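Scroll down for the structure; my scribbles are underneath it.
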Amino acid sequence: MKTHARVAVIGGGVVGCSVLYHLARAGWTDVVLLERSELTSGSTWHAAGGMHTINGDPNVAKLQEYTVRLYREIEAESGQEVGLHMTGGVMLAATPERFDWLKSIRAKGRYMGLQAELITPNEAAELFPLMDPKQFVGALYDEVEGHLDPSGTTHAYAKAARKRGAEIHRHTRVEELVQNEDLSWDVVTNQGTIRAEHVVNAGGLWAREVGRMVGLELPVLAMEHMYLLTEDMPEVAAFNAEKGREMLHAVDFDGELYLRQERGGMLMGTYEKACKPWSERETPWDFGHELLEPDIDRIAPSLEVGFRHFPAFETAGIKQIINGPFTFAPDGNPLVGPVKGLTGFWCACGVMAGFSQGGGVGLALANWITEGDPGFDVFGMDVARFGDWATLAYTNAKVRENYSRRFSIRFPNEELPAARDLRTTPLHDRWLGLGAQMGVSWGVESPLWFAPKGLADVFSWRRSVDHGHVAGEALAVRNGVGIAETSQFSKFFVEGEDAEAFLDRVLACRIPQPGRMTLAPMLKHDGKLIGDLTLARIDAETFFLAGSGAAEDFYLRWWFDQRGDQEDVEIAATGLGLCGLTIAGPKSREVLAACVAEDVSHEAFRFMAFREMDVGMAPCMVGRVSFTGDLGYEIWMPSELQRHVFDRLMEAGKPHGIKPFGARALNALRLEKNWGGWAREYRPIYGPLEAGLERFVAYDKPADFIGKAAALKEREAGGTYRLRAFRVAAKEADAIGDEPIWFEGAVRGWVTSGGFAHASGASMAMGYVPKEIADAPEGWEIEILGDRLPATLQPTPLFDPNGGRMRT
Ligand SMILES: Cc1cc2nc3c(=O)[nH]c(=O)nc-3n(C[C@H](O)[C@H](O)[C@H](O)COP(=O)(O)OP(=O)(O)OC[C@H]3O[C@@H](n4cnc5c(N)ncnc54)[C@H](O)[C@@H]3O)c2cc1C
């Protein structure tokens with residue numbers, strides 16, 4: 001075994017082999033894969049081998065499409081058959097709500113060029129005669145679906161990687177990982193030690209154990225999963241004979257079942273509600289090529305539905321039931337990328353659909369390692385989307401929920417119930433007392449809207465019971481004053497002698513003077529956005545930043561990587577140690593003035609001013625800025641003082657009719673300002689010009705900020721897309737995000753977010769379209785739930801287009 005390698009990949013399942021192959025394909029051939037047993041000795045060998053492109057996150061769907069397209073290529077390159085059966089598939093809806101969901105999935109696929117067709121139950125039964133069409137209301141047909149041989153596929157990746165110079169060591173178990181002073185890793189195995197610049201955790205069922213070797217508790221959990229194989233079925237033989245081809249794949253969401261042909265019979269798998277985790281705390285090292293005991297009682301409810309929906313199964317004999325474990329992250333998407341603070345340690349784990357996603361995960365990770373960037377928008381599967389708060393117990397609760405809901409509909413206004421009330425602010429009970437319907441982001445609970453007693457969210461694709469109440473909150477802000485929680489934001493202090501120089505380099509904006517704040521786009525080296533923050537300067541060497549809550553570790557990781565060894569810069573996230581409140585609306589100044597001794601008149605405390613002041617008796621930091629686009633203030637305080645500040649503001653606001661507002665009202669308010677947000681409008685695939693953030697980029701500042709050259713190039717060449725706002729002729733359902741934007745009869749763009757802008761009485765959508773057509777006032781349509789609705793460009797904000805309200 002060699003003693004040095006550029007990258008050591010731990011784990012020879014389908015994911016590790018794909019990572020190895022993609023590294024070698026990128027020209028990094030001094031790479032080695034270490035497998036404790038034979039290749040495929042984790043989840044991979046007993047997988048059903050099904051694959052498809054459909055995914056709720058279009059960016060993940062894109063990587064799935066890549067994975068599926070890759071199979072022919074690796075087969076040819078390796079000379080190893082992958083056993084590809086591209087049968088096509090039908091996704092079946094037994095309820096109108098499910099059919100609405102399929103419409104949204106079809107729409108999402110449309111702008112990515114994925115061809116999937118909505119069909120009637122009878123048309124579906126033509127394609128898949130085992131189903132009883134009377135049980136369904138509609139279906140989606142996708143030709144890019146099928147299955148392959150899990151072992152052949154893994155070996156094809158491995159052989160292709162070897163051909164390009166990569167090495168694979170079987171029966172080599174990694175037992176310890178030690179980081180050296182030069183940040184290289186000593187990978188200690190039972191066959192000796194290899195020194196590597198980079199280590200990839202592709203440990204699959206043992207990903208937690210590999211994580212623990214470097215002090216990480218990764219949020220992954222294995223679940224038992226069963227599928228059954230039937231004896232030969234005459235119906236299958238008849239179909240094969242008549243059509244001259246294999247039976248299609250089918251997914252029956254309402255029965256929580258998937259089906260496909262296996263030899264002369266069928267394979268039927270289920271994501272049963274009564275799911276069961278496997279090896280909840282530790283995975284035994286001696287587990288390998290064995291299966292788990294099947295438990296037919298657990299899957300009986302799904303099978304009952306299956307017999308009703310697919311009557312031929314009732315008489316089919318069951319040949320075998322396979323029960324095997326595979327891993328999930330709390331939200332069901334993979335955990336990919338570098339880990340904050342652990343230079344050279346990479347994750348490629350929690351991949352629950354290795355045959356749909358393994359290729360994309362391998363490509364993105366190899367790009368990331370070799371070029372410093374995944375090359376795609378992988379925010380949805382970035383390991384940084386979970387923080388230390390995602391403990392084993394949290395993961396256990398969320399993974400069970402995710403598994404049992406794998407085929408359930410998640411409505412756009414639906415908050416999931418597992419692992420709730422974990423991270424709460426001191427106001428939690430106060431908000432609940434006021435009727436708050438809570439949402440969760442980055443584990444933190446915060447109000448979405450406020451319901452009168454006895455009312456709660458009714459989940460729907462359409463406007464729901466909250467509509468009028470959210471309108472009331474939005475109007476309270478526009479006409480008087482509203483108050484909201486902001487503790488769920490990510491918040492950071494950056495301090496030190498070199499803090500200014502550091503921020504000048506990592507942020508594209510101009511660095512403000514003490515007592516001032518600014519919007520701060522952050523770019524990657526390729527000039528695309530990697531952050532969208534507000535930056536406030538407290539004094540010469542102390543800065544405060546706030547941004548999207550879900551990006552806390554994502555930002556920290558980036559900053560830790562950019563900080564030079566010799567730089568005197570301390571960077572710390574405050575977590576919930578620092579809480580926040582915002583007041584906004586034309587009366588907000590009077591409310592603040594009543595709680596502070598300072599002069600907060602317009603002249604004394606201007607737009608984008610930032611100052612420390614006591615609010616009531618609490619020392620706070622106050623910034624004059626508001627995401628509502630109105631006159632407003634953000635107030636930050638130590639958590640133990642939040643209740644005090646809240647009470648003072650509520651008391652002072654009483655004469656002005658102060659009203660709490662939640663995230664949904666905030667969304668409505670920022671939409672009528674045409675303002676975007678991180679992870680929706682601002683993502684790592686758009687440049688600042690495309691995203692309309694160029695006015696916050698100091699192209700001419702002396703500092704050579706990260707991404708400057710590329711941003712200048714973008715400004716010169718004009719980029720490809722433009723972010724635009726549209727007013728949509730929507731009636732009962734508003735855009736939410738990922739809908740196609742049609743222009744003159746063709747899909748030309750996609751929605752990033754939308755909703756009803758209550759104070760302006762307009763249904764709004766924001767999205768990206770090619771720059772060539774971006775200023776056309778007419779010719780637009782936005783597809784919502786299968787209907788193409790006329791839309792008009794809204795080039796200036798509906799509310800306060802000149803910004804007079806927030807500035808004066
Ligand atoms: C019953 C069942 C049906 C499934 N059906 C499908 C399907 O139809 N489609 C689909 O896409 N997916 C399916 N899956 C899921 C699929 O199997 C997984 O997504 C995939 O196998 C994950 O691969 P992996 O490489 O991440 O992990 P694994 O396959 O678990 O591989 C990890 C490897 O790492 C090795 N390893 C771990 N630690 C060390 C160490 N310290 N040193 C050296 N080696 C180490 C292990 O020995 C193992 O070989 C199914 C799973 C099950 C159980």
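The values are calculated or read from the model by the stated rules, or taken from the named source; none is laboratory data. Keep in mind the model is a prediction, meaning the values are calculated, not measured. Note that each Cβ is placed from the backbone with ideal geometry, even for glycine, and that neighbours are counted across all protein chains shown.
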### Residue match in region 626-635 (condition: at pLDDT 95 or above, buried (at least 23 other Cβ atoms within 10 Å of the Cβ), of a type in the set (A, V, I, L, M, F, W, C) and in a loop (DSSP other than H, G, I, E, B))
yes
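Show me the strands (runs of 3 or more DSSP E) entirely contained within region 224-342 in which 3 or more residues are farther than 30 Å from Val60 by Cβ and in contact with a Cys (Cβ under 7 Å, 6 or more places away or on another chain). Give the derivation first.
Values: elements: 249-252, 257-262, 265-270, 318-328, 335-338.
Output list is empty.
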### Task
Could you grab me the full set of residues in region 783-804 that are farther than 16 Å from Lys108 by Cα and either assigned to a helix (DSSP H, G or I) or among the charged types (D, E, K, R) (or both)?
Asp800, Gly804
#### Entry: Residues being under 18 Å from the mean Cα position of the chain (by Cα) and either free of Cβ contacts under 8 Å to residues at least 12 places away in the same chain or part of a loop (DSSP other than H, G, I, E, B) (or both) - total across region 390-406
3
### Filter result for the condition that a residue is more than 14 Å from the ligand (Cβ to nearest atom), in contact with a His (Cβ under 7 Å, 6 or more places away or on another chain) and closer than 28 Å to Lys319 by Cα, over Glu235, Glu242, Glu231, Glu246
Glu246
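For Ile409, indicate whether it is in contact (Cβ under 8 Å) with a residue 40 or more places away in the chain, more than 16 Å from the chain's Cα centre (by Cα) and assigned to a helix (DSSP H, G or I). Before you say what the answer is, go through the steps one by one.
Numbers: in contact (Cβ under 8 Å) with a residue 40 or more places away in the chain: yes; more than 16 Å from the chain's Cα centre (by Cα): yes; assigned to a helix (DSSP H, G or I): no.
No; evaluated as a whole, the condition is false for this residue.
Using the structure shown, decide if Thr193 is surrounded by fewer than 19 Cβ atoms within 10 Å (Cβ to Cβ) and either closer than 23 Å to Ala366 by Cα or among the polar types (S, T, N, Q) (or both). Let's see the steps before the verdict.
Numbers: surrounded by fewer than 19 Cβ atoms within 10 Å (Cβ to Cβ): yes; either closer than 23 Å to Ala366 by Cα or among the polar types (S, T, N, Q) (or both): yes.
Yes; evaluated as a whole, the condition is true for this residue.
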### Query
Which one is surrounded by the fewest Cβ atoms within 10 Å (Cβ to Cβ) among residues in region 674-712 that are small (Gly, Ala, Ser) and over 25 Å from the mean Cα position of the chain (by Cα)?
Ala709
### Query
Considering only residues of region 424-451 that are in a loop (DSSP other than H, G, I, E, B) and within 23 Å of the chain's Cα centre (by Cα), which is surrounded by the most Cβ atoms within 10 Å (Cβ to Cβ)?
Gly443
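Of Val336, Val305, Val361, Val378, which residue is without any contact (Cβ under 8 Å) to a residue 60 or more places away in the chain and buried (at least 24 other Cβ atoms within 10 Å of the Cβ)? Talk me through it step by step, then tell me what you get.
Values: Val305 fails: buried (at least 24 other Cβ atoms within 10 Å of the Cβ); Val361 fails: without any contact (Cβ under 8 Å) to a residue 60 or more places away in the chain; Val378 fails: without any contact (Cβ under 8 Å) to a residue 60 or more places away in the chain.
Of the residues listed, the single one that is without any contact (Cβ under 8 Å) to a residue 60 or more places away in the chain and buried (at least 24 other Cβ atoms within 10 Å of the Cβ) is Val336.
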### Task
Please indicate, with yes or no, whether at least one residue in region 644-666 is crowded, with 19+ Cβ neighbours inside 10 Å, part of a strand (DSSP E or B) and touching a strand residue (DSSP E or B) at 6+ places or on another chain (Cβ under 6 Å).
yes
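Can you tell me which of Asp421, Asp377, Asp373 is at pLDDT 95 or above, assigned to a loop (DSSP other than H, G, I, E, B) and closer than 19 Å to Ile685 by Cβ? Let's see the steps before the verdict.
Values: Asp421 fails: closer than 19 Å to Ile685 by Cβ; Asp377 fails: at pLDDT 95 or above.
Result: Asp373 is the single residue among Asp421, Asp377, Asp373 that is at pLDDT 95 or above, assigned to a loop (DSSP other than H, G, I, E, B) and closer than 19 Å to Ile685 by Cβ.
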### Gly433 being more than 16 Å from the ligand (Cβ to nearest atom), free of Cβ contacts under 8 Å to residues at least 12 places away in the same chain and of a type outside the set (D, E, K, R)
yes
